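K.L.:
Attaching a single structure in structure tokens format; questions to follow.
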Amino acid sequence: MRYLMRRGRRLAAVLATALAAAVLPVAGPVHAHGDRDLPTGPEADAGILGGGKAHGSTPRQTRPNVLMVVLDDARPEAMAALPQTMAWLGDGTAYPNTVAATPSCGPSRATLLSGRYAHNHGVLHQSDVGNLDHTRTVEHTLHAAGYATAAVGKFTNNWALEQTPPGFDHSALVGGGYTDARFVVDGRQRRVPYATTFIGDQVNRYLDGFEADDARPWFVYTGFTAPHAPWTPEPRYADRAFAWDASPAVGEADRSDKPAYVRKHRAGRAAGDAIRLAQLRTLLSVDDALARVREHLDRLGERQDTLVVLVSDNAKFWGEHGLDEKFMPYAAAYRVPLFLSWPGRIPRGSDERLASTVDVTPTVLAAAGLTADYPFDGHDLRGEVRRTATLLEYWQDSHNGGFPTWASRVAPGERQFTRYVDLAGEPISQEYYDLEADPWEMVNLLGDADPGNDPDVTADAASLSAWQRCAGATCP
């Protein structure tokens, strides 16, 4: 998968994932239907599922705690601003070839929490949060299995902050912003000086409460606003500089092959660099907040019993193809970081498989020894499934600025086929990139005015149509 691997080489020093990946055996399914399904006998005595520790006569924990950290608009390259966090998660597995199934905040977060593509969970637009079936989520399944649960920070777009999301015992939610941010903490409103700092501290407060019952595992969803706009850094980080080796796609000069909506944008290297620096400066505070969470887990004696997931909902352009947003079928918008850490249970290294945000919930629940009572579209990333291609999809959304509806079949290192449709579902244009010869997506072979190099997309178009209707095991 040369395309993404080439880009990933620049991050090698930061990610520290030089070892080859190993795959853990998948625990047998344990359905989330109360204590009758908890392990018994020798496996329970050995703490086989969670590696739990004994505290005197206190029953030992038999499943892992889960800390899910969701960044907002973070690219894999942005992990350069999280050195403490990368050191922490370096004992686990990095997935450098991870894509956001839908590069749009609300739909992507619904995918992260449900393990389903947007066309199945129904959150197609930012305002569609009411379409999400909250009985088909990771938090519902974990809570039904006895987990204590909390949501901290940004949950999803257009969520009423006063309402604790279903499946969570507690919530401390924010709609966005950095300074003087409005939070609602378990029904009580408060203003905080700097949102990122408060999110980390609030996670630790919930952990203190949960650890009063040490035998009960917990799930904490932690959604940072960073590195989303308005990119307000802490004063101490306001002038921090980061070197940049920009790709050839940044400030792309000839975009005559690109769709008309792309050519309307004019972001060059200077604009891209401004966004990049602003994002990275906000992430430095996330790194500090997560360092405090890590230290708190150590004080509580819970780090060995905690599965940590770090991911982003989508990425953001830094001037590639003249663009400065997301929502579009180019790698700079859909490639996201993904890390898993569970000391002694998740192998150290880098797993090069093609992963998707649709895999996060299946992986978490499998690690906990649980199965949901609904079908996933994704896969357990500790298992044997290795895709060669996957589905990306997006629906036109006035909240996002009216970018057109599209679906894409992407086979990293090989090719990508994208089809745009109008609001009536009629095809309006197509893109095709030979990612082996053109890893930076510079030449759309279906738009370069050279019919002699047009590929036959019949098979790709047919599989894309099938994937747009897929569910469960029929999904890529």
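The values are calculated or read from the model by the stated rules, or taken from the named source; none is laboratory data. What you are looking at is a predicted structure, and each value in this text was computed from that prediction instead of being measured. Using ideal geometry, Cβ is built from the backbone for each residue, glycine included, and neighbour counts are taken over all protein chains shown. Only protein heavy atoms, including side chains, enter the accessible area calculation; ligands, DNA and RNA are left aside. Shrake-Rupley method; radii C 1.70, N 1.55, O 1.52, S 1.80 Å.
K.L.:
Out of the residues in the range 286-315 that are buried (at least 24 other Cβ atoms within 10 Å of the Cβ) and part of a loop (DSSP other than H, G, I, E, B), which is farthest from the chain's Cα centre (by Cα)?
P.N.:
The selected residue is A315.
K.L.:
For the structure I just gave you, tell me whether T62 is modelled with pLDDT of 95 or more and polar (S, T, N, Q).
P.N.:
No: the conditions fail for T62.
K.L.:
If the Cβ limit is 9 Å and pairs must be 6+ apart or interchain, which residue in the range 225-242 that is over 14 Å from E325 (Cα atoms) pairs with which residue that is in a loop (DSSP other than H, G, I, E, B) and of a type in the set (K, R)?
P.N.:
Filtered contacts from the range 225-242: T225/K154; P233/R240.
K.L.:
Output the residues belonging to the range 58-108 that are under 18 Å from L340 (Cβ atoms), hydroxyl-bearing (S, T, Y) and touching a Phe, Trp or Tyr at 6+ places or on another chain (Cβ under 8 Å).
P.N.:
Within the range 58-108, T93, Y95 meet the criteria.
K.L.:
Now, a different point. If you check T371 against the conditions, is it touching a Leu at 6+ places or on another chain (Cβ under 8 Å) and modelled with pLDDT under 95?
P.N.:
Working: touching a Leu at 6+ places or on another chain (Cβ under 8 Å): yes; modelled with pLDDT under 95: yes.
So T371 fits the description; yes.
K.L.:
Do we have R136 as within 16 Å of V358 (Cα to Cα) and among the basic types (K, R) here?
P.N.:
In short, yes.
K.L.:
Might you check whether a residue that is in a strand (DSSP E or B), open to solvent by 10 Å² or more (accessible area, probe 1.4 Å) and under 19 Å from N97 (Cβ atoms) occurs anywhere in the range 412-422? Write out each step before concluding.
P.N.:
Here is the first cut: in the range 412-422, the residues in a strand (DSSP E or B) are 415-421.
Checking the rest, the ones that are also open to solvent by 10 Å² or more (accessible area, probe 1.4 Å) come to 415, 419, 421.
Retained after the next criterion (residues that are under 19 Å from N97 (Cβ atoms)): 415.
Looking for residues that are in a strand (DSSP E or B), open to solvent by 10 Å² or more (accessible area, probe 1.4 Å) and under 19 Å from N97 (Cβ atoms), one finds at least one in the range 412-422, hence yes.
K.L.:
Could you check, for the range 316-332, whether at least one of its residues is surrounded by 23 or more Cβ atoms within 10 Å (Cβ to Cβ), part of a helix (DSSP H, G or I) and in contact (Cβ under 8 Å) with a residue 40 or more places away in the chain?
P.N.:
Checking the range 316-332: at least one residue is surrounded by 23 or more Cβ atoms within 10 Å (Cβ to Cβ), part of a helix (DSSP H, G or I) and in contact (Cβ under 8 Å) with a residue 40 or more places away in the chain.
K.L.:
Which of the numbered conditions does R266 fail, given that it passes all the others? Conditions: (1) in contact with a strand residue (DSSP E or B) (Cβ under 8 Å, 6 or more places away or on another chain); (2) not in a helix (DSSP H, G or I).
P.N.:
Single failed check for R266: (1).
K.L.:
Same structure again: Within the range 212-230, count every residue that is over 18 Å from the mean Cα position of the chain (by Cα), at pLDDT 95 or above and surrounded by fewer than 20 Cβ atoms within 10 Å (Cβ to Cβ).
P.N.:
2
K.L.:
A further question on this structure: Between A389, A411, A407, which is in contact with a helix residue (DSSP H, G or I) (Cβ under 7 Å, 6 or more places away or on another chain) and more than 29 Å from D305 (Cβ to Cβ)?
P.N.:
When all the criteria are applied, what remains is A407.
K.L.:
When E234 is evaluated against the numbered criteria (1) in contact with an Asp or Glu (Cβ under 7 Å, 6 or more places away or on another chain); (2) open to solvent by less than 40 Å² (accessible area, probe 1.4 Å), which criterion, by number, is the only one it fails?
P.N.:
Looking at each condition in turn, E234 falls short on (1).
K.L.:
Which of the residues spanning the range 378-394 are part of a loop (DSSP other than H, G, I, E, B) and of a type in the set (V, I, T)?
P.N.:
Of everything in the range 378-394, those that are part of a loop (DSSP other than H, G, I, E, B) and of a type in the set (V, I, T) turn out to be V385, T388.
K.L.:
Shifting gears a bit: Select the strands (runs of 3 or more DSSP E) contained entirely in the range 102-195, then report the ones holding at least 3 residues which are over 20 Å from L71 (Cβ atoms) and open to solvent by 20 Å² or more (accessible area, probe 1.4 Å). Give the steps one after another, and end with the answer.
P.N.:
Details: elements: 148-153, 170-174, 179-185, 188-194.
The strands (runs of 3 or more DSSP E) meeting that bar are 179-185, 188-194.
K.L.:
I'd like the full set of residues that are among the charged types (D, E, K, R) and in contact with a strand residue (DSSP E or B) (Cβ under 7 Å, 6 or more places away or on another chain), limited to the range 420-476.
P.N.:
Scanning the range 420-476 gives D422, E431, D434, E441, D460.
K.L.:
Go through (1) more than 21 Å from the chain's Cα centre (by Cα); (2) touching a residue at least 12 places away in the same chain (Cβ under 8 Å); (3) within 19 Å of K326 (Cα to Cα); (4) open to solvent by less than 60 Å² (accessible area, probe 1.4 Å) one by one and return the number of the condition G402 breaks.
P.N.:
Among (1) more than 21 Å from the chain's Cα centre (by Cα); (2) touching a residue at least 12 places away in the same chain (Cβ under 8 Å); (3) within 19 Å of K326 (Cα to Cα); (4) open to solvent by less than 60 Å² (accessible area, probe 1.4 Å), the lone unmet condition for G402 is (2).
K.L.:
Scan the range 347-368 for residues that are open to solvent by 10 Å² or more (accessible area, probe 1.4 Å), in contact with an Asp or Glu (Cβ under 9 Å, 6 or more places away or on another chain) and farther than 12 Å from G383 by Cβ and report the count.
P.N.:
Residues in the range 347-368 being open to solvent by 10 Å² or more (accessible area, probe 1.4 Å), in contact with an Asp or Glu (Cβ under 9 Å, 6 or more places away or on another chain) and farther than 12 Å from G383 by Cβ: 1 in total.
K.L.:
Check off (1) open to solvent by 60 Å² or more (accessible area, probe 1.4 Å); (2) polar (S, T, N, Q); (3) under 24 Å from the mean Cα position of the chain (by Cα) for T458 and give me the number that stays unchecked.
P.N.:
Every condition holds for T458 apart from (3).
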